[in-house]
Amino acid sequence: LTKYLNVFKKTEYLNNAQVNTAINILKQNNIELKCGIPKEIHWVSNLNVLVETEYSDQIKRLFGNRVDRYKKEYVSGVYHIKVDGSKLFLSSVYSQDPFELLGIDKSIYIKDYFENKYLQVYNGYTIFDGILEVYEKNGQMEIMFVKINPQSFEKRKKRGLSSLEAIFSLLNQQKGISEINSIMFGYYQKDYNVLKGQAIPVWRIIVNKDT
């Protein structure tokens, strides 16, 4: 007799009763919920990452191949690029599509409407450190870009906190919360100053946005 057993853990979800109970507790404590409560409970592991520091693809795209890899600032009549650690700052005289301008794939980014920027996505998970921020200053388009290069997930997966566990953990730690605006699951690097390290699975909870 031969059997094939699925070794992957089944996806878990919060049920409606759990979610409704949590909503009632929040109401009783005068906390307004302005977003949905994610029901999926993720089985995840840490993510090994490298943080970009050279941005040679972007520099060559705008200034040609004859660039000095050790030079961190370039200026032309249209563009001004400066690389500061893990961040690329770009000013443009003209308003342009930032994804086309930098030569990056728009399909691996999502719009973060709460913080008005784009966030990088890898394997279906949001990378909160992978940022593309676009704004206008003094009549010019300004860009701040941080690129995360995911390498691999650790093999061993663990059950992550549910969104409800994360919410009530936050409420126990922080007083004065009157509204919950956004709840999002993703990865956040443990130490932003380390260019090679691990990003850990987290819940990002935005509170008191409108107060």
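Report, ordered by the first and then the second residue, all pairs with beta carbons closer than 7 Å, sequence separation of six or more or different chains, a first member in segment 88-108 that is surrounded by fewer than 15 Cβ atoms within 10 Å (Cβ to Cβ), and a second member that is part of a helix (DSSP H, G or I).
Note: pairs meeting the criteria are 103/57; 103/58; 103/61; 106/99.
If you scan segment 125-142, which residues turn out to be assigned to a strand (DSSP E or B) and among the polar types (S, T, N, Q)?
Scanning segment 125-142 gives 126, 140.
For the structure I just gave you, tell me whether residue 60 is at pLDDT 95 or above and under 28 Å from the mean Cα position of the chain (by Cα).
no
Could you list, in sequence order, all residues of segment 166-193 that are closer than 19 Å to residue 46 by Cα and either surrounded by 13 or more Cβ atoms within 10 Å (Cβ to Cβ) or at pLDDT 95 or above (or both)?
Across segment 166-193, the qualifying residues are 166, 184, 185, 186, 187, 188, 189, 192.
Let's see how each residue does on (1) within 15 Å of the chain's Cα centre (by Cα); (2) among the small types (Gly, Ala, Ser):
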| site | (1), (2) |
| --- | --- |
| 107 | yes, yes |
| 111 | yes, no |
| 114 | yes, no |
| 126 | yes, no |
| 142 | no, no |
| 148 | yes, no |
| 159 | no, no |
| 163 | no, yes |
| 167 | no, no |
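Check residue 26 against each of (1) outside any helix (DSSP H, G or I); (2) surrounded by 14 or more Cβ atoms within 10 Å (Cβ to Cβ) and name the one condition it does not meet.
(1)
Return the total of residues in segment 99-124 being in contact with a Leu (Cβ under 6 Å, 6 or more places away or on another chain) and part of a helix (DSSP H, G or I).
Summing the residues that are in contact with a Leu (Cβ under 6 Å, 6 or more places away or on another chain) and part of a helix (DSSP H, G or I) in segment 99-124 gives 0.
Can you name the residue in segment 63-86 that is within 22 Å of the chain's Cα centre (by Cα) and surrounded by 17 or more Cβ atoms within 10 Å (Cβ to Cβ) and is also farthest from residue 197 (Cα to Cα) among such residues?
83
Is it true that residue 155 is touching a residue at least 40 places away in the same chain (Cβ under 8 Å), assigned to a loop (DSSP other than H, G, I, E, B) and touching a Phe, Trp or Tyr at 6+ places or on another chain (Cβ under 9 Å)?
The answer is no for residue 155.
Going through segment 45-93 one residue at a time, which ones are assigned to a loop (DSSP other than H, G, I, E, B), out of contact with any Ser or Thr (no Cβ under 8 Å at 6 or more places or on another chain) and of a type in the set (Gly, Ala, Ser)?
Passing the criteria: 45, 64, 76, 77.
The values are calculated or read from the model by the stated rules, or taken from the named source; none is laboratory data. As the structure is a prediction and not an experimental result, all values here were calculated from the model. Ideal geometry is used to build each Cβ from the backbone, glycine not excepted, and the neighbour counts take in all protein chains shown.
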